[in-house]
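Inspection log for the structure reproduced underneath, given as structure tokens.
The values are calculated or read from the model by the stated rules, or taken from the named source; none is laboratory data. All values reported here derive from a predicted model rather than from experimental measurement. Reconstructed Cβ throughout: ideal geometry from the backbone, glycine too, with neighbour counts over all protein chains shown.
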Amino acid sequence: APNHRPALAAAGPHVGATAVRTSLGVDGGGVTIGIVDTGIDYFHAAFGGPGTAAAHGADDHAVVEPGTFPSAVVVGGHDFAGAGYDGSGVPTPDDDPVDENGHGTHVAGIAAGRAWAGGAAGVAPGARLVALKVFGTGGSTNLAYDAIEWAVEAKLGRAVAGRAADIDVLNLSLGSAWASTSAGVMAPRYPSP
């Protein structure tokens, strides 16, 4: 599988999401978005968390502490990488997809962040999120296909750890070197029933 790097140079120009919400009443409610990235900081106020650096800092990023995750906004997820994974070596997956880098939180905020003191709402603030963490604290990854397969298996109703909801949309804000093989065929890693 190819190595990918987080890539988000800018949030992009105005897309008319506010007009859609106000004129049509469409805010993403009923939709679940899977964010394949560096995780989501579900402690952030935009995702219904306490919004303090202390809450995020007190978290053991390899263990889900009771009452922290899942939340009303980030309804599920999985860490496929582990903190020390950098695109080489062996990943150390766990059940806590909290963001240690910030990129996935930024992407999730654009997609479905709630308005909070100091920040505007994302494009679809009524949507729910699933954090599919494929990066460690730095480097690249070749685990994106694992996250995609996890989402598809959940959509097909197969038992998947951390599954809380069917994912309707997958977002991958990833980049790779020019002439990457990322368009290659994905071979299943798990046997089908």
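Below, the figures for the structure above:
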| item | result |
| --- | --- |
| Residue among 107, 98, 123 that is hydrophobic (A, V, I, L, M, F, W, C) and assigned to a helix (DSSP H, G or I) | 107 |
| Failed item, numbered, when residue 162 is tested on (1) farther than 12 Å from residue 78 by Cα; (2) modelled with pLDDT under 95; (3) among the small types (Gly, Ala, Ser) | (1) |
| Verdict on residue 152 being under 22 Å from residue 3 (Cβ atoms) and assigned to a helix (DSSP H, G or I) | yes |
| Residue among 90, 36 that alone is under 14 Å from residue 133 (Cβ atoms) and not in a helix (DSSP H, G or I) | 36 |
| Residues satisfying the stated conditions in the range 39-75, i.e. touching a strand residue (DSSP E or B) at 6+ places or on another chain (Cβ under 6 Å) and part of a helix (DSSP H, G or I) | 45, 46, 47 |
